[in-house]
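Enquirer: Have a look at this one.
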Amino acid sequence: MNAPETTSPENVRRVACVGAGVIGGGWVAHFLARGYDVTAWDPAPDAERKLRRLVDAAWPALTSLGLAEGASADRLTVADTLEQAVADAEFVQESAPEKLGLKQDLLARLDAATPPGVVIASSTSGYPMTDMQTSAADPSRLVVGHPFNPPYLIPLVEVVGGEHTDAAAVAWAARFYEAAGKSVITMDNEVPGFIANRLQEALWREALHMVANGEATVRDIDLSITEGPGLRWAVMGPMLTFALAGGEGGMAHMLDHFGPSLKSPWTRLEAPELDKELYDAVVAGCDEAADGRSIADLVAERDRGVIDVLRATGRLDREKGSSR
Ligand SMILES: NC(=O)C1=CN([C@@H]2O[C@H](COP(=O)(O)OP(=O)(O)OC[C@H]3O[C@@H](n4cnc5c(N)ncnc54)[C@H](O)[C@@H]3O)[C@@H](O)[C@H]2O)C=CC1
Ligand SMILES: C[N+](C)(C)CC(=O)CC(=O)[O-]
């Protein structure tokens, strides 16, 4: 970074969130619950109303998890301009739409307006930072901090820099997210699609094939995960889960036994064409699966379920030991 960092990651008090939709709003709720002062900016005319509604909807879940000392939704300020939002920020989280040109311009604007030495993270779900940092005067402080929806409940953040990012900025961001209660995976190189999204997209691609081919309904696909592997994945990842499939022989036996099936042609399908038929089938299938529940109902149901899983697997107890 061009200037020495002004605040250590553990001492950050003021965070700016730029872009306040599903993810930016989720970040705002998370940082507020962790006791930060948060300034948000979003150019949409009704952004403040939507943001406060999102925070209000998340607050009961966050309260049941336990708020940091002094945490309050009143510590949110919605700024009139991007420049005002970041003027005093000690960390900036960008969560604008996933459009490369927009991210390039926005990160350059943020870099110009944010105090020197302050790390700026993008929530991008797939662009490499090398491609996004092209217009910034100081690209060295720009990192990816990829969250999972909703950022106020799902702990994981994937952190990685670009070719022009200073390694110190990546390390600073990882320490900051950890101090803010997140679980961090730091990548040394720009893995295409990061780690978790590569895995999720592989599953998603196969699910779309099955809907397109009439092999499974949207409901079958969701049930196959929630009543099947998804239950195990909340406890152990796919690697250790499959090691147990090898019995006492562990992963070695699992590979000897089932390794050859990896060569089956269906295990590496190309992405299906997202034509109107498939699009309509997936949207209609989700409406049917929602069974009259609104998006707000589903968000509340998801949040309750995630909290139950975090609690049942001891993650909340572990978190109590963290600094915030
Ligand atoms: N939706 C998801 O599940 C996840 C999304 N992400 C990433 O988070 C970012 C935001 O995605 P969502 O929140 O889903 O989108 P969204 O559409 O819900 O929100 C985007 C917000 O950005 C605002 N915006 C538009 N132009 C802007 C600009 N020039 N500067 C600042 N804000 C601007 C919009 O008014 C809107 O409120 C994307 O990079 C996406 O890839 C990451 C993880 C999960
Ligand atoms: C759908 N998505 C690719 C934007 C999802 C993510 O990036 C992470 C998540 O929340 O699953």
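The values are calculated or read from the model by the stated rules, or taken from the named source; none is laboratory data. This one's a predicted model, so the numbers in the text were calculated from it and none came from an experiment. For neighbour counting, all protein chains shown are included, and Cβ atoms are generated from backbone atoms with ideal geometry for every residue, glycine included. We work out accessible area using only protein heavy atoms, side chains counted, and drop any ligands, DNA or RNA first. Shrake-Rupley method; radii C 1.70, N 1.55, O 1.52, S 1.80 Å.
Enquirer: State the answer as a single residue: which of Leu262, Ala300, Ala216 lies farthest towards the positive end of the charge dipole of the stretch 170-324, with beta carbon charges of +1 for Lys and Arg and -1 for Asp and Glu, about the Cα centre.
Expert: Of the listed residues, the answer is Ala300.
Enquirer: Please list log₁₀ I(q)/I(0) at q = 0.16 Å⁻¹ for the stretch 195-292, using the Debye equation with identical point scatterers on the alpha-carbon positions.
Expert: One equal scatterer on each Cα of the stretch 195-292 leads to -0.84.
Enquirer: Another one. Report the Stokes-Einstein translational diffusion coefficient (µm² s⁻¹, integer) for the stretch 1-155, Rh taken as the Kirkwood radius over Cα pairs, at 37 °C with viscosity 0.692 mPa s. Before the final figure, lay out each step's value.
Expert: Numbers: Rh = 15.4 Å.
Value of D from the Cα-based Kirkwood radius: 213 µm²/s.
Enquirer: Can you figure out the FRET efficiency of Ala296 with Ser183, using R₀ = 25 Å and their beta-carbon distance, to the nearest 0.05? Present the calculation step by step, with values, prior to reporting the outcome.
Expert: Values: r = 27 Å, r/R0 = 1.09.
With a Förster radius of 25 Å, E is 0.40.
Enquirer: Moving on to the next point. Given a Förster distance of 41 Å, report the FRET efficiency between His253 and Asp275 from their Cβ-Cβ distance, rounded to the nearest 0.05.
Expert: 0.45
Enquirer: To continue, here is another question. About the Cα centre of the stretch 195-292, what is the dipole size in debye to 20, counting +1 per Lys and Arg Cβ and -1 per Asp and Glu Cβ, all else neutral?
Expert: 520 debye
Enquirer: In a Gaussian network model over the chain where Cα atoms closer than 10 Å are linked, find which of Tyr152, Tyr279, Tyr36 has the largest mean-square fluctuation.
Expert: Tyr279
Enquirer: Let me ask another. Testing the spin-label approximation: label points 7 Å from Cα along Cα→Cβ at Leu100 and Arg53. State their distance in nm.
Expert: 3.4 nm
Enquirer: Work out how far the C-alpha atoms of the stretch 255-306 reach from end to end along every principal axis, then list the three figures in whole Å, largest first.
Expert: Computed over the stretch 255-306, the largest-to-smallest principal extents equal 45, 32, 14 Å.
Enquirer: Indicate the gyration tensor shape class of the stretch 11-92 (rounded, prolate or oblate), computed on the Cα atoms with a ≥ b ≥ c the square roots of the eigenvalues: a/c under 1.5 is rounded; otherwise a/b larger than b/c is prolate and the rest oblate.
Expert: Here the stretch 11-92 falls in the oblate category.
Enquirer: With all protein chains present, how much of the accessible area of the stretch 2-43 (probe radius 1.4 Å) comes from carbon and sulfur, to the nearest whole percent? Spell out each step's value before the answer.
Expert: Values: 730 of 1420 Å².
Looking at the stretch 2-43 in its full context, I get 52 percent from C and S.
Enquirer: Please give, to one decimal in nm, the separation of the simple spin-label points placed at Val306 and Ser264, each 7 Å out from Cα toward the Cβ.
Expert: For Val306 paired with Ser264, the spin-label model returns 3.2 nm.
Enquirer: Relative to the present Cα-Cα distance, how much length would full extension add between Asp74 and Met239 at 0.36 nm per residue of separation?
Expert: Computed gain between Asp74 and Met239 is 55.1 nm.
Enquirer: In a GNM of the chain with a 10 Å cut-off on Cα contacts, which of Glu190, Glu201, Glu270 has the highest mean-square fluctuation?
Expert: Glu270
Enquirer: Moving on to the next point. Of all DSSP beta bridges located in the chain, what percent are antiparallel, nearest 5?
Expert: 15 percent
Enquirer: Label-point separation (nm) for Thr6 and Asp131, each offset 7 Å from Cα along Cα-to-Cβ?
Expert: 3.3 nm
Enquirer: Also: With +1 on each Lys and Arg Cβ and -1 on each Asp and Glu Cβ, how big is the dipole of the chain about its Cα centre, in debye rounded to the nearest 20? Write out the running numbers ahead of the final one.
Expert: Numbers: 29 positive and 47 negative charges, 156 e Å.
Once rounded to the nearest 20, the dipole reads 760 debye.
Enquirer: Let me ask something else. How large is Rg/Rh for the chain, to two decimals, with Cα atoms and a Kirkwood Rh?
Expert: 0.98
Enquirer: Enumerate by residue number the GluC sites (Glu not before Pro) in the stretch 76-132 meeting two conditions: DSSP loop (anything except H, G, I, E, B), and at most 16 other Cβ atoms within 10 Å of the site's Cβ.
Expert: Glu98
Enquirer: In deg cm²/dmol and to the nearest 500, what is the mean residue ellipticity at 222 nm of the chain if only DSSP H runs of at least 4 residues count, each as -39500 (n - 2.57), divided by the residue total?
Expert: Values: 14 runs with 153 residues, N = 324.
That calculation yields -14500 deg cm²/dmol at 222 nm.
Enquirer: Send over a whole-number figure in Å² for the accessible area per residue of the chain, probe 1.4 Å.
Expert: It amounts to 53 Å² per residue over the chain.
Enquirer: Oh, and also: When the chain is treated as a GNM, springs tying every alpha-carbon pair under 10 Å, which of Glu288, Glu248, Glu273 comes out with the largest mean-square fluctuation?
Expert: Glu248
Enquirer: Which parts of the stretch 125-164 would a label at Val22 reach, counting a residue when its backbone N lies under 16 Å from a point 7 Å out along Cα-to-Cβ?
Expert: Counting only backbone N, you get 125-127, 146-154.
Enquirer: Relative to the Cα centre, what is the charge dipole magnitude of the stretch 45-126, using +1 at the beta carbon of each Lys and Arg, -1 at the beta carbon of each Asp and Glu, and rounding to the nearest 20 debye?
Expert: Using only the charged Cβ atoms, the result is roughly 300 debye.
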